[in-house]
Structures are given as C-alpha cells and as structure tokens.
Amino acid sequence: RSLHVTGVQTCALPILVGGVYGQYATRISPTDGILFHSVPYYSAEKDQLETEEFNKLGTPASLGCVRLQIEDCKWIYDECPSGSPVVIYDGDESTDPLGNPGFTPIDPNSPNAGWDPTDPDPANPWNS
C-alpha cells in the first residue's frame, strides 16, 4: 500500500485512540487516521510508557497505526516532510525488503520500565 506523509502532530504527547498518549505522531493517511507513533503511554508523561505494549513491537497490536521505538518515530517526525512517500508492505518477511527491526524487550520489573530505552530525553534513566 502506498501512502504519503500528510502531516505531523505538533503536541509533544498527543492523545491517541483509546485515551492513551504517544510521542512523535506523524500522519500517513488523511482519511484512515493512520499514524506512525511511539508505543502508547498511560498519561502525557514520558515516564508512563505502557511497557507491555512496548514488548509487543514487531507484532500486530494496534488499530492500524504503526508503533515504533522513540528513536525511529522521532526520526520520521523530524526528517520526513509532508508529501514524503510511504510504502507499507503487507506480507511475510520474505517479501519485505527491510525485514522486521529488532529491539530488546523491557523487563517489566526494571526500575526504568516506564521509559522507552531509545528516548533521547536527558531525564531518561536508560541514558545514565
């Protein structure tokens, strides 16, 4: 499916469908409401990441949006202006030219579990 970046959300942690929040939301479909965005947060605070949802990255887990680690959705948000082409592959890994990006799951018992480990925010304890 071919789409284009149609805009970015300017709010730091915009509210998403279901009353959750996300970082670096970039709209890729003007009619379907499809976004690239971070994993959801329980509130508009960067230390309130839904860790169990982060650990689902790479699997279908949303209402159609593309969930990403902060470093990836921030790159898209910062570097892809409105009109940038987007191609979404719907198939198995053998037909996907980029493959599924890897990530390290977060231990839910970690004291840092409320943060995305890739968030460059200086307050992120993973950056210590």
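The values are calculated or read from the model by the stated rules, or taken from the named source; none is laboratory data. Since this is a predicted model, take the numbers as computed values, not measurements. Please note: Cβ atoms are built from the backbone with ideal geometry, for glycine as well, and neighbour counts cover all protein chains shown.
The sole residue among Gly102, Gly83, Gly58 that is within 28 Å of Pro122 (Cα to Cα), surrounded by fewer than 18 Cβ atoms within 10 Å (Cβ to Cβ) and at pLDDT 80 or above is Gly58.
Are any of the residues in region 21-40 out of contact with any helix residue (DSSP H, G or I) (no Cβ under 8 Å at 6 or more places or on another chain) and modelled with pLDDT of 90 or more? No, that holds for no residue.
Filtering region 43-86 to residues that are touching a Pro at 6+ places or on another chain (Cβ under 9 Å) and among the β-branched types (Val, Ile, Thr) leaves Thr51, Ile70. A single entry from Asp107, Asp121 fulfils the requirement of being more than 22 Å from Gly19 (Cα to Cα), touching a helix residue (DSSP H, G or I) at 6+ places or on another chain (Cβ under 9 Å), in contact (Cβ under 8 Å) with a residue 60 or more places away in the chain and not small (Gly, Ala, Ser): Asp121.
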